[in-house]
Amino acid sequence: MPFKPVEHPKCPKCGKSVYAAEERVAGGLKWHKMCFKCGLCSKLLDSTNCSEHEGELFCKVCHARKFGPKGYGFGGGAGCLSMDQGEHLQRDGEYRGTNAVMEPRAIAKAPEGEGCPRCGGYVYAAEQMLARGRGWHKACFKCKMCGRSLDSTLHCDGPDGDVYCRACYPKQFGPRGIGHAGIMWIGLQSDIEDNGDAAPKTTVIDTAAIQAPPGKGCPRCGGVVFAAEQVLAKGREWHRKCFKCHDCTKTLDSIIACDGPDKDVYCKTCYGKRWGPHGYGFACGSGFLQTDGLTEDQISSSRPFYNPDTTSIKAPAGQGCPRCGGMVFAAEQQLAKGTMWHKKCFNCAECHRPLDSMLACDGPDKEIHCRACYGKLFGPKGFGFGHTPTLVSTDSEHAPSYIDSKPQVGARSADGHGCARCGYPVYAAEQMISKDRLWHKRCFSCGSCHRSLDSTNLNDAPDGDIYCRGCYGRNFGPRGVGFGLGAGTLSMA
């Protein structure tokens, strides 16, 4: 099948295709940005000052001059004292303060269901009033009965698709009978006369008289819910009359309403009785804490107890809790080294002490440990290290001549990934950083005098090692008179 390109709308001015990045819309037509200008004065227009007339654009001044009312006082200003009475423009229409006739406004008709509900014409943004998702002209946004101009605080949407003011809405659609909307229902007069002094019967509002499509009306009665009587609960619309507790029929509001799992509404008391926790000590108050005839074991057995099984929902391989393999959800999540753990499982692998972000240490065995157990398992070994006093031998033959604090087990890291001094892996609990390189705390010392360093006296040397300030100046500082050894030394070395 041959390729058929997408057809784009044509600009009324130049006749070329209009693409989305340069389009301007007026009168249902699309124009280029540079073609969107007045046809008389060539002034560039925008949505606030353009007027479209029969496929041509004008600014408001030129539009009034070309198509506005003619005659004395129009179009030319007060300086034009013309005696033209406008006989050539006379036609039937509304007269204002002057004798000139206003031409009836021609409104472009919109497709069915898209324009103003009252006149059917296109509604543009500068004159738009919204009611129930539809746009109205400001001039058309009036009460259908009394013709009063409306706004968002006064209008009521009627079931006939029209708008009314608050006074006319109950007269047209409100309940009928004595005491409602100020209207006396003549049909009740005979009942009053027959019963003598008996109180008149009031009319009950039937909210189910107009049934809505299934799933769209009031959940209680199924009737259509209009804006004047609408109450929202969990995204569903209710009549004010129907918004009551399912059990005790108490009238609800947004503070005391509770949505039940059966998609109905309850007050807080009935919700607790029906859906709240049950058992000893719940929902009944202190008056029900009776233990007569019960042993301590029987009371303990009736108390609620919950022991979560974290392995009931298995996670895909490599994505669950490293300890139990179960799925980890957000409410029970603990993070360590980029892996997620259950709160229940986040404890030391040796002593099972519960951990937090301050106590947890990630070991090379991909487990977590407390600080004490981490030092015992992976800390430096030998004379002077550990947690117990060391028995020092006085025999010079067996006394160690040099204590090596470097790890004795494990494989070395790849080049550039381990400690810069010993080459073994560096874990977060013992990590020191200098010039984007990692060091063990025990290796973070001067390369000459072996003095322990920190961030305040660290100096990175060009040979890739680290030094204290004195050794750095002695090895890499400037040479000559007055440098390095004090001003009194006139050495040229």
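We did not get these values from a lab; they are worked out from the coordinates using the rules stated. Remember, it's a predicted structure, so these values are computed and weren't measured experimentally. Note that each Cβ is placed from the backbone with ideal geometry, even for glycine, and that neighbours are counted across all protein chains shown.
Points to keep in mind about this one:
- Cα centroid separation, the range 341-364 to the range 316-340 (Å): 13 Å
- Cβ-Cβ FRET estimate between Ala228 and Glu23, R0 fixed at 51 Å, reported to 0.05: 0.80
- Straight-line reach from Lys366: taking Cα to Cα under 30 Å and skipping same-chain neighbours fewer than 8 places apart, the lysines in range are Lys314, Lys337, Lys343, Lys344, Lys376, Lys381, Lys406, Lys435, Lys441.
- Length gained on full extension, Asp264 to Lys43, computed as 0.36 nm times the residue gap minus the Cα-Cα distance: 73.4 nm.
- Simple spin-label estimate for Lys33 and Ile255 gives 5.4 nm between the two label positions (7 Å along the Cα-to-Cβ direction from each Cα).
- The local environment of Asn347, defined by Cβ-Cβ distances under 12 Å, has a net charge of +1 under the rule Lys, Arg +1 and Asp, Glu -1.
- Other residues within the sphere of radius under 14 Å centred on the Cβ of Ala331, judged by their own Cβ, net out at +1 (K and R +1, D and E -1).
- A full extension of the chain between Lys60 and Cys146 corresponds to an added length of 27.7 nm, given 0.36 nm per residue minus the alpha carbon distance.
- Sites Thr311 and Ser452 - FRET efficiency at Förster radius 56 Å, r taken between beta-carbons, to 0.05: 0.75
- Taking 7 Å steps out from each Cα toward its Cβ at Gln333 and His352 produces label points 2.8 nm apart.
- A simple count of charges around Pro213, restricted to other residues whose Cβ falls under 15 Å of its Cβ and scoring Lys, Arg +1 and Asp, Glu -1, yields +1.
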